[in-house]
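Coordinate-derived values only; no laboratory data. From a predicted model like this one, the values you see are computed outputs, not experimental measurements. Ideal geometry is used to build each Cβ from the backbone, glycine not excepted, and the neighbour counts take in all protein chains shown.
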Amino acid sequence: MTALYLLNGSRVLLLYKTNGRVVTDTWCAAAGGHLEPEELTTPEVCVLRELKEETGLTPDDLEGLSLRYVTLRFVNGEIRQNYYYFAALRSPDRPLSSTEGTLRWFEIGETDRLAMPFSASFVLRHYFSEGCRTDLLYGGISDGDGVVFTPLR
C-alpha cells in the first residue's frame, strides 16, 4: 500500500476514512491505497494515481514529494508492505475534499491522540520527532508492539 501525508508548516492533512477495504472509521494519510500489478515496482505512480482519484490533486499541486518510510508488518498470515510519502501542498488554503471520507488539518501535537492504522501511527510519531529534520529514507519493521525504524543509506 501507499500513503501520502500532505504538510503545511506545523500541520498535517489527514483523512477520516469511513469505508475502506483495510481500515475504516480511523484517521489515515490524505491519500493512498493498494498498488495495481503494474505499479509494484513504482509505488510513486500508485500514490499519485490515488491522490488524483481521491482528491483531484495532481503532482503540480505538490512540493517536495518524497518517499520517507517503507514498513513491513506480519498480519493475518501476510506480510504487509507500506510506502509512506510526504509532500507540502502548494496552496494549502484551497478547499479540499475526498471521495474516501473527510479531510482535516491537524497540528502536529494533535495526531498522537487520534485512532490510526498501526504502522501509520508510528510513522507519524517518528517523522515529527526525527524524520522531519532529515532527508533520509527509513525502513520500519513491526515487532508486534511497535515499529523499529532504521535509516536506509
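Number of residues in segment 111-130 that are loosely packed, with under 13 Cβ neighbours inside 10 Å and more than 15 Å from V23 (Cβ to Cβ): the value is 3.
Quick one: in segment 26-43, which of the residues that are aliphatic (A, V, I, L, M) and assigned to a loop (DSSP other than H, G, I, E, B) is farthest from R125 (Cα to Cα)?
L40
Scanning segment 8-62 for residues that are under 25 Å from L114 (Cα atoms) and β-branched (V, I, T) turns up V12, T18, V22, V23, T24, T26, V47, T55.
For segment 115-129, name all the residues that are hydrophobic (A, V, I, L, M, F, W, C) and part of a helix (DSSP H, G or I). Across segment 115-129, the qualifying residues are F118, A120, F122, V123, L124, F128. Residues that are without any contact (Cβ under 8 Å) to a residue 24 or more places away in the chain and assigned to a strand (DSSP E or B) were ranked within segment 76-107; the one that is farthest from A29 (Cα to Cα) is E78.
Looking across segment 63-75, just one residue is closer than 23 Å to D25 by Cβ, buried (at least 18 other Cβ atoms within 10 Å of the Cβ) and of a type outside the set (S, T, N, Q), and that is R73. Among the residues of segment 1-22, just one is among the β-branched types (V, I, T), surrounded by 15 or more Cβ atoms within 10 Å (Cβ to Cβ) and over 19 Å from D93 (Cβ atoms), namely T2. If we scan segment 55-62, do we find a residue that is part of a helix (DSSP H, G or I) and crowded, with 21+ Cβ neighbours inside 10 Å? Looking for residues that are part of a helix (DSSP H, G or I) and crowded, with 21+ Cβ neighbours inside 10 Å, one finds at least one in segment 55-62, hence yes. Only one entry of V75, V23, V47 meets the criterion of being on the phi < 0 side of the Ramachandran plot and under 12 Å from the mean Cα position of the chain (by Cα), and that entry is V47. For V47, the criteria (1) aliphatic (A, V, I, L, M); (2) touching a residue at least 60 places away in the same chain (Cβ under 8 Å); (3) closer than 20 Å to G139 by Cα hold in every case but one, which is (2).
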